[in-house]
Amino acid sequence: MKRPIQTGPARRAPSAPRHAGRAAPRRAGRRRAFPLRPSLHRLGAALLALTLLLPAALAPAPSLAAEALVAVAANFADTARFLAAEYGARSGHQVTIASGSTGKIYAQIKAGAPFHAFLSADAERPRLLVEEGLAVPDSRFTYALGRLVLWSADPERIGPDGAATLSAQDYPRLAIANPRLAPYGLAAQQVLEKLGLWDALQPKLARGENIGQAYAMTASGAAPLGFVAAAQAGAGPKGSAWAPPPEMYDEIRQDAVLLRSGAQNEAAKGFLAYLDLGYARGLIRDAGYGTPSSSR
């Protein structure tokens, strides 16, 4: 069947889309981009710059988070680590402790070791470092007074008369620190010389490089007896001890000094200042050391 012919105006053939050959039209709902007004553009740039600068402005200043490397005589190492942690919690600074014999640390400093401060077991090496231009003048002070004891891990080994215990010579080894490197070793030598035993006991002496090694030999039982720092004996396992009279050995004045390499180090300077405060001195006494009435 033939379809009826429609009457009315002729229908125009569909023409190609207006956008043919050009970019596709924007999606509905998206606005056409217009350039910012000059004032708004400047405001946006200012806000961006402020955003970038704020983190740097709010970050702590470098001086509030300084780090220092402090060399410490072996006898005081554990106490120094405790004090460094206390100081760090109060100041925000970080102090790392490196320990060894006083003589070896002194040699390392002279050879250029990167320490910022030195806590010696004597007064002589800090004084020499100042004279040699390796330490800051007027920074030296006494932070502790050392005490020597004859100690054994055996609670029954040493009686009230330690001199008699030594004179009996019924022990295979006697541990001491090397007198040439460690002030506590020199003090032990002086005690034995006063007792007239230094020469006789030479075959029995077990010398550690520092007082820490002498203590380790005694605590392990490798040496039944040993001369150690009173602070070490008090902090270790319960044993027996004898404190030689102070007049039997030279006073052990333990001095601290700021090294030239630490002259501008806020953590090192602050740590030494902290050690001279009454609060820190109380902690040092609690650890078994004496403290001078006035350090500076």
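The values are calculated or read from the model by the stated rules, or taken from the named source; none is laboratory data. Just so we're clear, the structure is a prediction, and the values are computed from it rather than from any experiment. Using ideal geometry, Cβ is built from the backbone for each residue, glycine included, and neighbour counts are taken over all protein chains shown.
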*Considering only helices (runs of 4 or more DSSP H) fully contained in the stretch 184-289, which possess at least 2 residues that are of a type in the set (Phe, Trp, Tyr) and buried (at least 16 other Cβ atoms within 10 Å of the Cβ)?*
266-275
*From Ala233, Ala206, Ala229, Ala280, which residue is in the same structural domain as Leu69 (by TED's automatic domain parsing) and either within 21 Å of Leu195 (Cβ to Cβ) or touching a helix residue (DSSP H, G or I) at 6+ places or on another chain (Cβ under 7 Å) (or both)?*
Ala280
*How about the stretch 98-175: which helices (runs of 4 or more DSSP H) wholly inside it have at least 1 residues that are more than 30 Å from Gly196 (Cα to Cα) and without any contact (Cβ under 8 Å) to a residue 24 or more places away in the chain?*
102-110, 124-131
*asked:* Residues to consider are Ala177, Ala98, Ala135, Ala107; find the one that is in contact with a helix residue (DSSP H, G or I) (Cβ under 7 Å, 6 or more places away or on another chain) and not assigned by TED's automatic domain parsing to the domain that holds Lys238.
replied: Ala135
*asked:* Just to be sure I understand, how many residues within the stretch 135-152 are over 12 Å from Ile252 (Cβ atoms) and basic (Lys, Arg)?
replied: 1
*Is it the case that some residue within the stretch 83-93 is charged (D, E, K, R), part of a helix (DSSP H, G or I) and modelled with pLDDT of 95 or more?*
yes
*Six or more apart or on different chains, Cβ under 6 Å: which pairs go from a residue in the stretch 225-249 that's among the hydroxyl-bearing types (Ser, Thr, Tyr) to one that's assigned to a helix (DSSP H, G or I) and surrounded by fewer than 18 Cβ atoms within 10 Å (Cβ to Cβ)? Could you list them?*
Tyr249/Gln190
